[in-house]
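Worksheet: the structure to be examined is printed underneath.
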Amino acid sequence: MTYRLVTIGPSHYCEKVRWALDRLQVPYVEDAHPPALHIPRAWWLGGGKTVPVLIAPDGQVYADSTFALEHLDALAAPEAKLYPAEHGAEVRALEERFDEVLGVHVRRLAYLHLLYAKDLLPVMTRRVGLCERVTFRATLPLLRRLMKRALKITPEAGARSRVRVLEVLDEVDALLADGRRFLVGERFSAADLSFAALLAPLTLPPEYGWPMPPLSAMPASFQEEVAPIVARPAGEFALRLYRDERRATPAPLLA
Ligand SMILES: N[C@@H](CCC(=O)N[C@@H](CS)C(=O)NCC(=O)O)C(=O)O
């Protein structure tokens with residue numbers, strides 16, 4: 001038995017856990033599903049209605065990215081800890097801010113431009129089983145409407161999300177202004193990982209753990225949205241973390 005990570009492949013919350021598994025060199029298989037079709041699988045395996053769901057070899061289920069990171073961190077050598085003992089509280093506070101605010105509003109802003117993009121279908125169905133690929137393709141018009149409603153993908157809500165994303169990026173710019181290399185302390189931590197992963201749908205790092213189209217293939221409105229984000233200190237920092245700290249080794253798929 002090995003770890004199993006149930007995902008929606010391109011999901012940035014799933015990327016958080018995938019990055020931690022890769023970084024800590026924990027063997028796992030990825031069990032990827034398109035949006036909506038992930039729900040029966042996540043439930044069946046003991047999770048809730050969201051992914052990631054990480055299932056440990058002993059059957060323990062971690063149905064939230066932070067629970068999964070905390071669990072994996074307990075296996076890590078002291079020098080590889082994502083929550084270093086001396087900075088644990090600071091790291092957890094930043095991770096929570098990124099989980100609760102950055103991740104939610106980045107997702108809405110990305111979907112505002114990409115929900116109807118031609119690349120949505122291939123991105124969501126890469127590395128998933130044939131049956132789900134066919135089902136997702138057939139139900140895509142309906143799913144788009146449901147996702148639009150569930151995630152409030154409207155220009156008004158998108159504008160509010162833009163403000164929230166920029167607030168968090170201002171906070172990160174302010175932290176970086178003293179020249180630090182990592183958000184907390186002298187080493188890479190769960191704060192850095194969460195920040196870079198949860199911003200990634202807007203920065204599109206080439207090292208992302210799920211194949212994404214290049215920025216040049218994205219709609220012009222998306223390119224305009226993200227240009228000032230990747231050019232500011234927080235955006236450059238997130239891309240540097242991917243370059244320097246992300247091991248890009250795809251896990252085998254669930255047979
Ligand atoms: N707090 C959760 C958030 C996870 C989350 O929002 N996952 C999204 C994918 S990006 C999801 O499963 N959405 C599907 C749904 O809500 O039905 C975590 O950190 O794991």
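Every read-out reported here was derived from the displayed coordinates using simple, explicitly stated rules and does not represent laboratory data. As the structure is a computational prediction, the values presented were derived from the model and not from experiment. As a convention, Cβ positions derive from the backbone with ideal geometry for all residues, glycine included, and neighbour counts pool all protein chains shown.
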Task: Around Phe237: net Lys/Arg minus Asp/Glu count, Cβ-Cβ under 10 Å - done: +1
Open item on the list: Quick check for me: using +1 on Lys/Arg Cβ and -1 on Asp/Glu Cβ, what's the dipole size of the chain about its Cα centre, in debye to the nearest 20?
Closed with: 1240 debye
Task: Charge tally in the Cβ shell below 12 Å around Arg133, where Lys, Arg are +1 and Asp, Glu are -1, Arg133 excluded - done: +2
Open item on the list: Counting only helical runs of four or more DSSP H residues, what would the 222 nm mean residue ellipticity of the chain come to if each run contributes -39,500 (n - 2.57) and the total is spread over all its residues?
Closed with: -17500 deg cm²/dmol
Open item on the list: So if each residue of separation counts as 0.36 nm, and I subtract the Cα-Cα distance between Leu166 and Leu215, what length gain in nm does that give?
Closed with: 15.6 nm
- [ ] Apply the Debye scattering formula to segment 40-163, with a single equal point scatterer on each alpha-carbon and no solvent, then give log10 I(q)/I(0) at q = 0.22 Å⁻¹.
- [x] -1.27
- [ ] Just subtract the alpha-carbon distance of Glu207 and Ala159 from 0.36 nm times their residue separation and send over the number in nm, one decimal.
- [x] 14.4 nm
Task: DSSP-assigned coil residues among chymotrypsin sites (Phe, Trp or Tyr not before Pro) in segment 101-189, each with at most 15 further Cβ atoms within 10 Å - done: Tyr116
Open item on the list: For segment 3-77, I need the span (max minus min coordinate) of the C-alpha atoms along each principal axis, in Å, sorted largest to smallest.
Closed with: 37, 24, 19
Open item on the list: Placing +1 on the Cβ of each Lys and Arg and -1 on the Cβ of each Asp and Glu in segment 3-77, which of Pro35, Leu75, Leu54 has its Cα farthest towards the positive end of the resulting dipole?
Closed with: Pro35
Open item on the list: Can you pull out the trypsin sites (Lys or Arg not before Pro) in segment 156-208 whose DSSP state is coil and whose Cβ has at most 16 other Cβ atoms within 10 Å?
Closed with: Arg180, Arg181, Arg187
Task: Net length gained if the chain between Ala177 and Glu86 were fully extended (0.36 nm per residue, minus Cα distance) - done: 30.5 nm
Task: Rg [Å, one decimal], Dmax [Å, integer] - the chain, C-alpha atoms - done: 17.5, 52
